[in-house]
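To keep things clear, I will list the structure first and then write my remarks on it.
The values are calculated or read from the model by the stated rules, or taken from the named source; none is laboratory data. Being a predicted model, the structure only gives us computed values, none of them experimental. Positions of Cβ are generated from backbone atoms using ideal geometry, with glycine treated the same way; all protein chains shown enter the neighbour counts. We work out accessible area using only protein heavy atoms, side chains counted, and drop any ligands, DNA or RNA first. Shrake-Rupley method; radii C 1.70, N 1.55, O 1.52, S 1.80 Å.
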Amino acid sequence: MNVPFSDFTQMHAEIRPALNEAIARVVDSNYFIGGEEVSAFERAYADYVGVRHCIGCGNGLDALHLILRAMEIGAGDEVIVPAHTFIATALAVTYAGATPVYADVEPDTYCLDPDRLEKAITPRTKAIMVVHIYGRIGRFDEIEAIAKKHGLPIIEDSAQAHGALYKGRKAGSLGVASGFSFYPGKNLGAFGDAGAVTTNDDTIAEKVRILSNYGSKEKYAHILKGVNSRLDPIQAAVLSVKLHSLDRWNDARSEIADAYLAALKDCGAVLPKQDQNVKNVWHIFPILVENRAELMAHLKANGVQTLVHYPVAMHLHAAYRELGYHVGDFPVAERIAAQEISLPMFYGLTDGQLETTVSAIRTFMQKDR
């Protein structure tokens, strides 16, 4: 049996009439930049997250970059980011002119470790950027307490956490502002690149909107040095349709995750930690194994596609060599980079596909012991 890493077939089949209608509505409107489709999605997503403002933009990297620019974080400033994340988190800091400073992550949640956060703070630190990696929120209360102690704002990278909850509050509503990605593979995915900023801060919201539109509130009146990063109406229309089903799709992913956790609990792999305070939306289902290459090859031979998120810890990327970090500086992030495997996880994964995946893993792990 073939088990793809991801498959949108069932998801899109269920909402195809609504998607076709939404896209046709945009085409018939002859309005392809801004307009009511974008405004309607922004209102709907702000309400879903539980904030006053949502500003659509081009992608998740732009969302984080725009937040930092709106907060006037730039040259000479530092922003703390996790040592385990996608490089866009650090690139946003770089594009703003500031310097990313890494802190290690927790071994069982993969999120920023509050026990290792404080030592990364310096007089130049201007913000802490938390990443809700793989679809879960970490120990936010403890991070928030440290942030308040040092007078630092928290920015959320919620690119993988659409609908995730922490003590009943949604990702994107916890910090001063949050960046979302709607890359097609996300839990809430567009049909191309797309992103958004969510915030309750009126000043940040206004500045992000201006910065994302060439620094302009009115055409040809540029009050800031902005960029072109706008949410396309077609993508907004698609996202509006999908938003109606997001919670249902996330619940299905949770059922798949529960099945994985039950079936693999004693196989020898390190499994994600569960937390009653957190609703994990399982953008990724990661396991850690010491013999990753061999297990991935075994799974491929059995028709199961897997991926790695992410094979290089942030501080070891060649692009950031000038920061002076070395192997061993952040051992937890390095271990995750060396051992993580992402298992198939998507709405529509069948019982048979899940059983094929689990059976192949258990067979390999028992043989390897």
Notebook entry, point to check: Okay, helix-only estimate at 222 nm for the chain: each DSSP H run of n ≥ 4 adds -39500 (n - 2.57), divide by all residues, round to 500 deg cm²/dmol; what do you get?
Noted result: -12000 deg cm²/dmol
Next item on the list: Report the residue, chosen from Gly192, Gly175, Gly163, that carries the largest GNM mean-square fluctuation when the chain is represented by alpha-carbon nodes joined by springs under 10 Å.
Entry: Gly192
Margin query: For the chain, set up a GNM with springs between Cα atoms under 10 Å and report which of Cys111, Cys57, Cys267 has the largest fluctuation.
Written below: Cys267
Notebook entry, point to check: GNM, the chain, Cα, under 10 Å: largest mean-square fluctuation among Gly34, Gly58, Gly138?
Noted result: Gly34
Check: Given the Cα-Cα distance of Met1 and Arg16 and 0.36 nm per residue of separation, how much length would full extension add, in nm?
Finding: 2.7 nm
Notebook entry, point to check: Any idea how far apart Asn30 and Asp258 come out in nm if each label point goes 7 Å out from Cα toward Cβ?
Noted result: 5.2
Check: Leaving out same-chain residues fewer than 8 places away, which aspartates and glutamates sit with a Cα under 14 Å from that of Lys217?
Finding: Glu206
Notebook entry, point to check: Hey, what did the chain get for relative contact order, percent, Cα under 8 Å, at least 6 apart?
Noted result: 23
Margin query: Using +1 at the C-beta of Lys and Arg and -1 at the C-beta of Asp and Glu, which of Tyr325, Gly268, Leu66 has the Cα lying farthest in the positive direction of the dipole of the chain?
Written below: Leu66
Check: segment 147-214: percent of C-alpha pairs farther apart than 15 Å?
Finding: 59
Note to self: Can you return the lysines within cross-link range of Lys219? Criterion is Cα-Cα under 27 Å, with same-chain partners fewer than 8 residues away left out.
What the structure shows: Lys207
Next item on the list: Indicate, rounded to the nearest 5 percent, the antiparallel portion of the DSSP beta bridges found entirely in the chain.
Entry: 60
Checklist line | Portion, in percent, of the accessible area of segment 40-119 that falls on carbon or sulfur, probe 1.4 Å | finding: 49
Checklist line | Within segment 168-199, chymotrypsin sites (Phe, Trp or Tyr not before Pro) in DSSP loop having at most 12 other beta-carbon neighbours inside 10 Å | finding: none
Check: So between Thr9 and Glu322, what do we pick up on full extension, going 0.36 nm a residue minus the alpha carbon distance?
Finding: 108.3 nm
Margin query: For Cα pairs less than 8 Å apart in space and 6+ apart in sequence, what is the mean separation divided by the residue count of segment 155-219, i.e. the relative contact order in percent?
Written below: 25
Margin query: Which entries of Lys126/Lys273; Lys170/Lys273; Lys170/Lys242; Lys186/Lys300; Lys265/Lys300 have Cα-Cα distances beyond 26 Å here?
Written below: Lys126/Lys273
Notebook entry, point to check: Going from most exposed to least, what order do Thr350, Thr198, Thr9, Thr356 have by accessible area with a 1.4 Å probe?
Noted result: Thr9, Thr350, Thr356, Thr198
Next item on the list: Two decimals is fine: what is log10 I(q)/I(0) at q = 0.15 Å⁻¹ for segment 210-266, from a Debye sum with one equal scatterer on every Cα and no solvent?
Entry: -0.66
Margin query: Sorting check: for 207-213, 25-31, 342-348, which peptide has the highest mean count of neighbouring beta carbons within 10 Å, and how do the rest follow?
Written below: 207-213, 342-348, 25-31
Next item on the list: Within segment 129-175, list the chymotrypsin sites (Phe, Trp or Tyr not before Pro) lying in a DSSP loop whose Cβ has at most 16 other Cβ atoms in a 10 Å radius.
Entry: none
Notebook entry, point to check: Normalised by the number of residues in segment 217-357, what is the relative contact order in percent for Cα pairs under 8 Å and 6+ residues apart?
Noted result: 27
